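Below you'll find the structure, written out as structure tokens, and then a few comments.
The values are calculated or read from the model by the stated rules, or taken from the named source; none is laboratory data. Since the model is a prediction, treat every value here as computed from it, not as a measurement. So basically every Cβ, Gly included, is an ideal-geometry build from the backbone, and we count neighbours across all protein chains shown. Only protein heavy atoms, including side chains, enter the accessible area calculation; ligands, DNA and RNA are left aside. Shrake-Rupley method; radii C 1.70, N 1.55, O 1.52, S 1.80 Å.
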Amino acid sequence: MNLTLKVWRQKNTEDKGKLVTYPASDISPDMSFLEMLDVVNEGLIKKNEDPIHFDHDCREGICGMCSLHINGRPHGPKQGITTCQLHMRSFKDGETIVIEPWRAAAFPVIKDLATNREAFERIQQAGGFISVNTGGVPDANEIPIPKVIADEAFNSATCIQCGACVAACKNASAMLFVSAKVSQLALLPQGQPERYRRVQAMVAQMDAEGFGNCTNTGACEAECPKEISISNIARMNRDYLNAKLFKDEY
Amino acid sequence: MKLDSKIPEGPLAEKWPKHKFNLKLVNPANKRKYTVIVVGTGLAGASAAASLAELGYNVKSFCFQDSPRRAHSIAAQGGINAAKNYQNDGDSVYRLFYDTIKGGDYRAREANVYRLADVSVNIIDQCVAQGVPFAREYGGLLDNRSFGGAQVSRTFYARGQTGQQLLLGAYSALSRQIGLGTVKQYNRHEMMDIVTIDGEAKGIITRDLISGKIESHAGHAVLLCTGGYGNVFYLSTNAMGCNVTAAWKAHKRGAYFGNPCFTQIHPTCIPVSGDHQSKLTLMSESLRNDGRVWAPKTVELAQKLRKGEIKVTDLKESDRDYFLERKYPAFGNLVPRDVASRNAKEMVDEGRGVGASGVAVFLDFADAISRLGEDAVRAKYGNLFDMYYQITDEDPYKQPMRIYPAVHYTMGGLWVDYNLQTTVKGLYCLGEANFSDHGANRLGASALMQGLADGYFVIPYTVGDYLATIGPKPVDASHPAFAETKRQVEERIQKLLSLKGTRTVDDFHRDLGHIMWEYCGMARTEEGLIKAKGLIRELRENFWKDAIVPGGNNEMNQSLEKAARVADFLELGELMVDDALNRKESCGGHFRVESQTEEGEALRDDVNFSYVAAWEYRGDNMPEELHKEELVFENVKLTQRSYK
Amino acid sequence: MSNYAKTFSSSLGKKLIMSLTGLFLCIFLVVHLIGNLQLFKDDGGQAFNAYSYFMTHFPPIKIVSYILYISIIVHAVYALILTTGNRKARPVGYAYYKGEANSPWTSRNMGILGTIILIFLVVHMSNFWAQYHWGDLPHARYEVSLTNPQDVVVTPIPFDGSEIAHADYVDAQAGKQVLIAKDLYKIVTESFSQWWYVLLYVISMAALSFHLIHGFRSAFQTLGWDNSKYIPLIRFLGVWVFGVLIPLAFAAMPIYIFLFR
């Protein structure tokens, strides 16, 4: 296959950046999207040019590091997968592919296609945990958890923190990410003692990071590589409003 | 230096409790006067950093990814073992200990493995308390499944992503401490070297991967939790960033490297599709419960298949060779990982491999589908089948999967004593990065167990003993040793950046991978290993002449990151070959063709090789010195494995 | 900041305000529609004019109407605040953004739809509501036979500058019920006899339809009222009642009057 790439190049956070066109020739349909970029980069390096920088690590769809906005969509045209799981057979020979970084004020571009997602870290640090120290915990089977609840919590817990929800949202809102984290612990009995404190702390941090507001478009859910449902957002809203308006002690 | 494993005296079950009691303690008010550096944020690193901070120590935690949660522990699929005996099927701490020692082909320390089995039960409790959503029964209690190498169901799991869920638990504990200010987290920082003062580790030099700034960090102790080195093979199931740099630098600063040649090759991975391939994807071992492994009976049939003259579905039952079932009637498709891998390689070497490249065998579910129905198979393996389809564009419901072994885990690593301390005082090594618990072969679902055992339940005790001994004198980076190490780091970076040859770093890495895979992979011969040693040296020399590293230091420079890592792999590769050459027996994942039974199975040599090979670095291009830690088995009887 | 100030300045608090005001406006639409069905009556506007008087003079309804005005303003102002915040959250946009691949058009264009509705409201209220309150409206006198309610005599009272008092009484001697009321009906039917005015209404009701198809369901999501048991009902109401039936009924009024009066 032969393709034309339009890739966002930006030297550093301060640089303005622009789309640069590169040919990608002799691409095998069996390549993953990132392997296609590897090939283009090897060509650039051989010319002693700076290769296209992009984040990636596990290349099997679980670490959440890869983060490309491909032809107008985070993680490209296919649903339920990350960029590293996208293969070139999903594109047509001769196609032009536009590759951009995640776009959000809270995710500044570091270089080319790599962005800084530390905002997610700070949200996690604000409350994305159960306050237990190592040791001194009850036996694992002392807390029975209904299977449906455990399964639902697991669904929320599949979030890989990639930021596709923010990238997809027309408002750059982080509600799906935050709500998935809030939901997982709000559903489980172990998370109850801090349930209302947690949701307030995490939402406050989310707002402080400068993410946009949710308008319930559902784009996040559609683009999430782990297909996390926006019912998590409803759950977070419920807990938050409950905490703010009706919970005296929080 | 004589190796002292510091294994406590006394009966097996009492060693750890007694040892814990004998370890010195740091009083609570003094803990905040100590700084501990933790490199790596996988299961071992995150759990250690969080646990130490909870105790009151100041912790500096480092990872090269943009978040601690992305460490490669995240990718573990199957599960985590624990001797809970929730299933009432006869499990016990002793049985888990025994299975692990035996699975490791008797090349691990009894005391370490027993401790691992002992604390395994605490790990599950801890994870559940953190909110890890393990699979549950309808009654609300935890579910278990069985895994390779064990006759009991002791594996706890969270669908196909147990690693991610456990890491998220440890990451949440770590995040809590970062929020509280007890852990200072450095993301996108790569450890470039260890700083030692008077033979004790006192800090590290890092490179900020965004700005390129070289920084010095001082601490009272340094914990390396930096994972395995499987990427020396270029293609492996490791993440792209997995590297040996931290462990290798420690090695060059005096930490011995234990059993470097022990690598695990996992039999069920998706085969390589071409030269462009950057990594391999594992298909869970559980597939072998229902899938049947086969190859075409004759070379002619295999050739026709490869050329596309016939289709796999055209092959009659009599044209198929279910070679595992044929050779191992007792275990069939469920033989251990090393045996299954070696047999697949044999088929390919005979010319009976399938797929366009001819480097694969079939894993067939047709029988399972006709026996259980497609829906039942989908319910069990749906996500794996989807993943396979996604990558290969072939429908495993309609035609057999193509699989081939791939490098998956490294049992070798920095040599550590019972306290997890390396041969450098104050320098500890946890998780896959150390050599300690798996011997020559790791059982499924045991890597997660070891990482968390080390981080949650071992290091908080043992590092305290060392800290109490050295006292809370402040440490800082103003000592000349920091400036000197920093200068060496900067020099090496400049040397790498000055490389303006003709070949990319990836190109060298691929070549190294080919050499390692060919001569130091699933089957190793003296002749091949000697050849490999020469090839690696030659490749390393060429690298320092002909590689291209574009860009500068003061910016994000992924080419430079890669070059620095590959340069270390080029040195490690030779040591692995040396170790494989030295170990003339076959054991676990290490198969020396010269040492096999009449039936072609691995033949151990307990008389001459029942030891840990710990290698000491003596200087660039100098042969490393071998130290032997004899393994003493007081509780288990050594037997030859047989799966016939 | 007080708890409430904090709550309502958070992103979720602002969204709560949007959803509550939005749902209140939805309820108002139902009431407004039921009242306006009087327009379809062929009684020379008697029922409609009586209803108009009732709506503007019955004290509880007057109070509710103030809440309504505030709701409209708050809904619009907060929409503006949220939209500004959303713009700031993505200062550099995508060169290529394929929103249609992941979200319905309506959900991405609530601002545009809302603006159309707001413009419509200004036109609508200045024509009818402001006219009714402060304009020089003609009156009409309705005499309904007490024995035969079908027998109605309508006498227009054109505006001549003099104050005319609203009256609703029974003339027992003549056997008639007499109603003297501001003749909003006349203003309405005259307005709807112009094709472009009808068109404006139809377009605005289409905008309302799209706005509510997303908005009604969305309000419940924001409130956190999401539950697999009742969510199908909310979806149904959002699409078929608020998204289709109500805007359609509103749009039918100008069309009916244009065609048949």
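Structure notes:
- Within a Gaussian network of chain C (alpha carbon springs, distance under 10 Å), most fluctuating of C:G99, C:G35, C:G175: C:G99
- Residue pairs, from the table A:K18/B:K486; A:K244/C:K229; B:K184/C:K15, whose Cα atoms sit over 30 Å apart: A:K18/B:K486; B:K184/C:K15
- Counted over the protein assembly as shown, the DSSP beta bridges are approximately 75% antiparallel.
- Shielding by other protein chains, C:6-17, mean Cβ within 10 Å: 6
- Only protein heavy atoms count here; under a 1.4 Å probe, C:D43 has an accessible surface of about 30 Å².
- Partner aspartates and glutamates for C:K186 [C-alpha distance under 18 Å; skip if fewer than 8 residues away on the same chain]: C:D42, C:D43, C:D136, C:E143, C:D160
- Hydrodynamic radius (Kirkwood) for the protein assembly as shown, which is based on Cα pairs only, to one decimal in Å: 32.9 Å
- Residue of A:Y196, A:Y240, A:Y22 that the Gaussian network model of chain A assigns the largest fluctuation, springs spanning Cα pairs under 10 Å: A:Y22
- Here segment B:250-329 is treated as a Stokes sphere of Kirkwood radius computed over C-alpha pairs; at 10 °C and 1.306 mPa s its diffusion coefficient rounds to 96 µm²/s.
- With Cα atoms, 0 to 90° folded angle of helix C:195-223 axis to chain C main axis: 50 degrees
- Ranking of B:R70, C:R261 by solvent-accessible surface, largest first: C:R261, B:R70 (1.4 Å probe, protein heavy atoms only, all chains present).
- Over the C-alpha trace of chain C, radius of gyration and Dmax come out as 22.2, 80 angstrom.
- Entries in B:K31/B:K562; B:K307/B:K345; A:K247/B:K31; B:K60/B:K425; A:K16/B:K213; C:K41/C:K182 that, when Cα-Cα distance is taken, lie over 26 Å: B:K31/B:K562; A:K247/B:K31
- Debye, to nearest 20: dipole size of chain B, +1 on Lys, Arg Cβ, -1 on Asp, Glu Cβ: 1200 debye
- Rolled with a 1.4 Å probe across the full set of protein chains, the surface gives B:K584 an accessible area near 110 Å².
- For C:K41 and C:M125, the FRET efficiency from 1/(1 + (r/R0)^6), where r spans their Cβ atoms and R0 equals 30 Å, is about 0.80.
- Magnitude of the charge dipole for segment B:267-407, about its Cα centre and with charges confined to Cβ atoms of Lys, Arg (+1) and Asp, Glu (-1), is about 220 debye.
- Here the dipole of the protein assembly as shown is about 1540 debye; that uses its Cα centre as origin and unit charges on the Cβ of Lys and Arg (positive) and Asp and Glu (negative).
- Accessible surface for B:V195 stands near 0 Å², nearest 10, in the context of the full protein assembly shown (1.4 Å probe).
- Label sites at C:K98 and B:L372, each approximated as a point 7 angstrom past Cα along Cα to Cβ, lie 3.6 nm apart.
- Panel values: chain A, Kirkwood radius from alpha carbon pairs, Stokes-Einstein at 4 °C and 1.567 mPa s, translational diffusion coefficient 66 µm²/s.
- Projected over every direction and averaged, the convex hull enclosing the alpha-carbon atoms of chain B yields 27.9 nm².
- Quarter of the Cα convex hull surface for segment B:267-407, i.e. its orientation-mean projected area (nm²): 8.1 nm²
- Relative intensity, log₁₀ I(q)/I(0), of segment C:161-261 from a Debye sum that treats every alpha carbon as a point, q = 0.13, 0.18, 0.22 Å⁻¹: -0.70, -0.87, -1.03
- Where B:R503, B:R145, A:R235, B:R378 fall by accessible area, highest first, once all protein chains stay in place (1.4 Å): B:R378, B:R145, B:R503, A:R235
- In nm, spacing of pseudo-spin labels at B:D89 and A:D26 (7 Å Cα→C-beta vector): 5.2 nm
- Euclidean distance of C-alpha centroids, segment A:124-140 and segment B:118-158, integer Å: 18 Å
- Max-minus-min Cα coordinates of segment B:70-146 on each principal axis give 38, 36, 20 Å, with the largest extent listed first.
- Kirkwood-based shape ratio for segment B:354-497, expressed as Rg/Rh from alpha carbons: 1.20
- When the solvent-accessible area of segment B:481-610 is split by element, carbon and sulfur atoms take up 49 percent of it, the probe being 1.4 Å.
- The reciprocal of the average 1/r between distinct C-alpha atoms defines the Kirkwood hydrodynamic radius, which for segment A:1-142 equals 16.9 Å.
- Isotropically averaged projected area of segment C:138-182, using the convex hull of Cα atoms (one quarter of hull area), nm²: 3.1 nm²
- Rounded FRET efficiency, nearest 0.05, which uses the C-beta distance separating B:D395 from B:E518 and R0 of 30 Å: 0.40
- Segment A:3-111, relative contact order in percent, only Cα pairs under 8 angstrom and at least six apart counted: 34 percent
- Where B:I210, C:I187 fall by accessible area, highest first, once all protein chains stay in place (1.4 Å): B:I210, C:I187
- Protein heavy-atom surface of segment A:26-132, 1.4 angstrom probe: 45% of the accessible area is carbon and sulfur, with nucleic acids and ligands not counted.
- For segment B:418-427, backbone phi angles converted through the Karplus equation (6.51, -1.76, 1.60; θ = phi - 60°) give residue-by-residue couplings of 4, 8, 6, 8, 7, 6, 9, 4, x, 10 Hz, Gly and Pro being listed as x.
- Cross-link reach list, lysines versus B:K84, counting only Cα pairs under 21 Å and skipping chain neighbours closer than eight places: A:K147, B:K15, B:K102
- Reachable aspartates and glutamates from B:K327, criterion Cα separation under 15 angstrom, eight or more residues apart if same chain: B:D338, B:E346, B:E598, B:E599, B:E601
- Each part reduced to its alpha carbon centroid, segment B:270-321 and segment B:1-61 end up 48 Å apart.
- Of the residues A:L5, A:I62, A:T83, the one whose Cα sits farthest toward the positive end of the charge dipole of segment A:3-111, with +1 on the Cβ of Lys and Arg and -1 on the Cβ of Asp and Glu, is A:L5.
- With a cut-off of 17 Å on the backbone N, no residue of segment B:13-43 is near the modelled label site 7 Å out from B:M1 along Cα-Cβ.
- Over every Cα atom in segment B:481-610, the radius of gyration and the widest Cα-Cα span, Dmax, amount to 18.5, 59 Å.
- Stretching A:E49 away from A:T13 to a fully extended chain increases their span by 11.0 nm, per 0.36 nm per residue minus the current alpha-carbon distance.
- Projecting the Cα atoms of B:G148, B:L116, B:L167 onto the dipole axis of segment B:112-167, where Lys and Arg carry +1 and Asp and Glu carry -1 at the beta carbon, places B:G148 farthest toward the positive end.
- Sorted into 5 angstrom bins from 0, the C-alpha pair distances of segment C:209-261 split as 5, 21, 22, 17, 12, 8, 7, 4, 3, 1 percent.
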